[in-house]
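Take a look at the structure below.
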């Protein structure tokens, strides 16, 4: 049986953000293909106390300058190089660890190195890090270097969508070998799905971690759209309590931070609201909403990489006026809270089984 070394950023948590959810999906798919007993996991980043992190700040900076992303170090790369000799496959779950691929290939590793691009990291971090942050250039240079090394030294690179494919070709002169859109483990298989209609004053749910692109989107929405519509807005996600001081003047917003189970909030929502304007890759929250059969009102960025009929899934909005019009339309014209089109699109295109078909080709030799 084929054995694989799976390199991931950190251990799964009780509340994982989109990137880690994608990592969990890759691990699940590989376990189904190869058997969990044939996969060894190496964790790059270990949780540290704040004091230890501060004390190690100088070495972290030096590693960044040398091209080792946060958590990675020459010592860990050496460990991985030794470990890898026992495995015909090394799966690097993020292109920010391209240094690993480079060291393996420069030391005559004879197996196959596979790197998964969750984003084009140079684009993603340029949007994530504030323009005037003093460490911005250090981080962006590091991730750009690792993206390039992932392209130069991996046997197979996997990207999410056509946009990322074109960006990788333009920046790094490598064409991804496989395109595999965001998928999600199907945890919503019911005998009977909800039949209730949306309410005149709908409950609209924003899902997301407290993160620059999410914060920008929800603050824009509360300022530009919320005063013009009659809705109950719920914001649910990791560390979203940090947003509370910035939206406390709005009475019709409720924030739920670090909840252990998103399902009750998603099921209770009439619509998912995704006013996201920046980013790379694809939005995992959109895939999750499709799995639950939700109506979705979002931007082009929220739907990037998904092949959907926007009129059937909800609405694709570009401006303040678009959002207001869409929300008012659904307030006046109730529709089923459970959107069968969304659910069908998920099952047929964005479940883990679809990625399993793509990954199976890697191990067919």
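Looking at residue 226, is it within 24 Å of residue 328 (Cβ to Cβ) and in the same structural domain as residue 324 (by TED's automatic domain parsing)?
In short, yes.
Which ones in the range 328-359 are under 18 Å from residue 286 (Cα atoms) and touching a strand residue (DSSP E or B) at 6+ places or on another chain (Cβ under 8 Å)?
Of everything in the range 328-359, those that are under 18 Å from residue 286 (Cα atoms) and touching a strand residue (DSSP E or B) at 6+ places or on another chain (Cβ under 8 Å) turn out to be 337, 339, 342, 346, 350, 351, 352.
Of (1) surrounded by 16 or more Cβ atoms within 10 Å (Cβ to Cβ); (2) at positive phi, residue 139 satisfies all except one. Which?
Result: residue 139 fails condition (2) only.
Can you tell me which residues in the range 32-52 are in a loop (DSSP other than H, G, I, E, B) and modelled with pLDDT of 95 or more?
35
Could you list all residues from the range 60-72 that are on the phi < 0 side of the Ramachandran plot and in contact (Cβ under 8 Å) with a residue 12 or more places away in the chain? Before you say what the answer is, go through the steps one by one.
At the first step, the residues of the range 60-72 found to be on the phi < 0 side of the Ramachandran plot are 60-66, 68-70, 72.
Once the filter is applied, which keeps residues that are on the phi < 0 side of the Ramachandran plot and in contact (Cβ under 8 Å) with a residue 12 or more places away in the chain, the range 60-72 yields 61, 64, 65, 68, 69, 70, 72.
For the range 167-205, enumerate the residues that are surrounded by 14 or more Cβ atoms within 10 Å (Cβ to Cβ) and either without any contact (Cβ under 8 Å) to a residue 12 or more places away in the chain or over 28 Å from residue 357 (Cα atoms) (or both).
Across the range 167-205, the qualifying residues are 169, 171, 198, 199, 202, 203, 204, 205.
Scan the range 59-80 for residues that are part of a helix (DSSP H, G or I) and either under 22 Å from residue 26 (Cβ atoms) or assigned by TED's automatic domain parsing to the domain that holds residue 280 (or both) and jot them down.
76, 77, 79, 80
Mind checking whether some residue in the range 187-202 is assigned to a strand (DSSP E or B) and either assigned by TED's automatic domain parsing to the domain that holds residue 103 or touching a strand residue (DSSP E or B) at 6+ places or on another chain (Cβ under 9 Å) (or both)?
Checked the range 187-202: at least one residue is assigned to a strand (DSSP E or B) and either assigned by TED's automatic domain parsing to the domain that holds residue 103 or touching a strand residue (DSSP E or B) at 6+ places or on another chain (Cβ under 9 Å) (or both).
Report yes if residue 3 is in contact with a strand residue (DSSP E or B) (Cβ under 9 Å, 6 or more places away or on another chain), surrounded by 17 or more Cβ atoms within 10 Å (Cβ to Cβ), over 27 Å from residue 283 (Cβ atoms) and modelled with pLDDT of 95 or more, otherwise no.
Answer is no for this residue.
What helices (runs of 4 or more DSSP H), lying completely within the range 273-354, carry at least 3 residues that are outside the structural domain of residue 163 (by TED's automatic domain parsing) and more than 22 Å from residue 263 (Cβ to Cβ)?
Per the criteria, 300-303, 310-313, 320-332.
Being in contact with a strand residue (DSSP E or B) (Cβ under 7 Å, 6 or more places away or on another chain) and under 10 Å from residue 207 (Cα atoms) is the filter here; which residues of the range 226-240 pass it?
234, 235, 236, 237, 240, listed by residue number.
At least 3 residues that are touching a residue at least 60 places away in the same chain (Cβ under 8 Å) in each: list the helices (runs of 4 or more DSSP H) lying fully within the range 86-165 that qualify.
Values: elements: 98-106, 121-128, 136-153.
Because the criterion is at least 3 residues that are touching a residue at least 60 places away in the same chain (Cβ under 8 Å), the helices (runs of 4 or more DSSP H) in the range 86-165 that meet it are 121-128, 136-153.
Answer yes if at least one residue in the range 53-75 is at pLDDT 95 or above and closer than 27 Å to residue 214 by Cβ, and no otherwise.
For the range 53-75, residues at pLDDT 95 or above and closer than 27 Å to residue 214 by Cβ: absent.
With the checklist (1) under 21 Å from residue 20 (Cβ atoms); (2) out of contact with any strand residue (DSSP E or B) (no Cβ under 6 Å at 6 or more places or on another chain) in hand, flag the one item residue 265 doesn't pass.
(2)
Could you list, in sequence order, all residues of the range 256-278 that are under 26 Å from residue 167 (Cβ atoms) and surrounded by fewer than 22 Cβ atoms within 10 Å (Cβ to Cβ)?
Selection gives 277, 278.
The values are calculated or read from the model by the stated rules, or taken from the named source; none is laboratory data. Note that the structure is predicted; figures quoted are calculated from it, not measured. Because the Cβ atoms are built from the backbone with ideal geometry, glycine has one as well, and the counts that use them run over all protein chains shown.
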